[in-house]
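The values are calculated or read from the model by the stated rules, or taken from the named source; none is laboratory data. Here the structure is a predicted model, which is why all the values come from computation and not from measurement. Ideal geometry is used to build each Cβ from the backbone, glycine not excepted, and the neighbour counts take in all protein chains shown. With ligands, DNA and RNA removed, areas are computed over all heavy atoms of the protein, side chains included. Shrake-Rupley method; radii C 1.70, N 1.55, O 1.52, S 1.80 Å.
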Amino acid sequence: MNSAILTPEPRMTTAATNPQAADFRAGEFPETAKQWQAVLARDAASDGKFVFAVSSTGIYCRPSCPAKRPRRENVTFFLRPQEAESAGFRECLRCRPKSVSGNPRQELIKSVCRYIEQRLDEPVTLAQIGAEFRLSPFHLQRTFKAMLGITPKEYVNSCRMRGFRHNLKAGHSVTRAMHDAGYNSCSRLYSRTAAELGMEPAKYRRGAIAAPIRYTCAESPLGRLLIAATDKGICSIAFADSDEELEQGLKQEFPFAIRRRDDRELAEFAKKVVQRIRGQELASELPLDIRATAFQRRVWTYLQSIAFGETRSYSQVAKAIRQPSAVRAVARACATNPVAIAIPCHRILRSNGDLAGYRWGLARKKALLGLEAREP
């Protein structure tokens, strides 16, 4: 037997040069056999680990490519797309193997998310998703939660609520918005709206068209301050350089709400927020009426536990909520915080101590931390 067949190339394994390689049970290298099995299984978890090229078409694909499986004798395996292209093969336009990030788990979860998003109008079980991606329900749940910080079920609920919110703001009726978002019963929808919307669906419709929102603008150590509230509590605390900028921001968040300036009734709220900036009042005493996903609520609750004058890193927050790999998700939760000061996202820094992004500007974040570093 040709000795070249017994020793594979350092970056490539091939079957085309060995007639017996068509059957992995008859002398094929173990790693090559595993790769071929992954191709036959369309194993998404193997994406990013290698690509396979087909000599009859001149194209290379990722293992999970949905195209028809080629004959084994026409297949060559490469560890990287660049190696396949150097050998004269072209990228498959259907599965786009070069778009794989190199992190198989990340690509797997992205595929799971797309699968869920396309089936929001039907009941999707963990067992069903696991069968689709050839994973046990337990492994799927654990991997999904490790990557995103929430379970597949929580992701389904988040997607449906996001769609429902969008449909309401677009002016659709509550019933139409409910069905378009994938809810099949009013009871299931209304059981979630109190925590997710902060108000009844009919009131949230088209930017809370039926819910009066009062607001006030006041001076603070960080510039102009806006506080807006529903009848249940504060729904927005924001900073800007002018009242016009603050009012425009409130309009974008609640575009068709009945917004009314009420300096007298909200003066006490404004006073407490300013005192909190100076370390004289606890923001936890402020009633809040805010929307949040399950993950956002966990992050925001933890942020409220950070003492005045202390800071944490994004990775420390992720570990504290028992989602150590969800650092980016923590950063997104901080960036979408609607109530400055009350939820002190300004106390979160990069791991090296540098300032990271802040919804109301890095200058204000630096000023806030400077104020908190002083003795009250």
Evaluate the Debye formula for segment 234-294 with equal point scatterers sitting on the alpha carbons, no solvent, and hand back log10 of I(q)/I(0) at q = 0.14, 0.20, 0.26, 0.27 Å⁻¹, in q order, two decimals. -0.49, -0.98, -1.32, -1.33
Surface accessible to a 1.4 Å probe, per residue, for the residues of segment 33-110, Å²: 48
Rounded to the nearest 20 Debye, what is the dipole magnitude of segment 254-334 about its Cα centre when Lys and Arg each give +1 and Asp and Glu each give -1 at the C-beta? 380
Given LYS68/LYS98; LYS319/LYS365; LYS251/LYS366; LYS145/LYS251; LYS68/LYS153, the pairs whose alpha carbons are separated by over 29 Å: LYS145/LYS251; LYS68/LYS153
Within a Cβ distance under 13 Å of GLN141, other residues only, what is the Lys/Arg minus Asp/Glu net charge? +2
Pop a pseudo-label 7 angstrom from the Cα along the beta-carbon direction at both GLN304 and ALA267 and give the gap in nm to one decimal. 2.7
